[in-house]
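Quick note: the coordinates plus some simple rules give every number you see, no bench work behind them. Quick caveat: nothing in here was measured; it's all calculated off a predicted structure. Cβ coordinates were reconstructed from backbone atoms using ideal geometry, including for glycine residues, and neighbour counts include every protein chain displayed.
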């Protein structure tokens, strides 16, 4: 049986900035949320 892990931190980042996404994924946050609804620069 898999043990549940407490979520201690959630990091939200805009989906339009690849560098910010990479930094968020490299962080020690328990959850990374990529916001796909942010305005996207043309």
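Across all directions of projection, what mean area in square nanometres is found for the Cα convex hull of the chain? Could you put the intermediate results ahead of the total?
Numbers: hull surface 15.3 nm².
The orientation-averaged projected area of the Cα hull of the chain comes to 3.8 nm².
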Going from the fewest other Cβ atoms within 10 Å to the most, one would list 1, 33 as 1, 33
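So for the chain, averaging the separation of alpha carbon pairs under 8 Å that are six or more residues apart and normalising by length, what relative contact order in percent results? Intermediate results must be reported in sequence, preceding the final value.
Values: 48 pairs, mean separation 18.7, N = 42.
Value for the chain: 45 percent.
Given only helices, namely DSSP H runs of n ≥ 4 each adding -39500 (n - 2.57), what is the per-residue ellipticity at 222 nm of the chain, to the nearest 500 deg cm²/dmol?
Working: 1 runs with 9 residues, N = 42.
Mean residue ellipticity at 222 nm (helix-derived): -6000 deg cm²/dmol.
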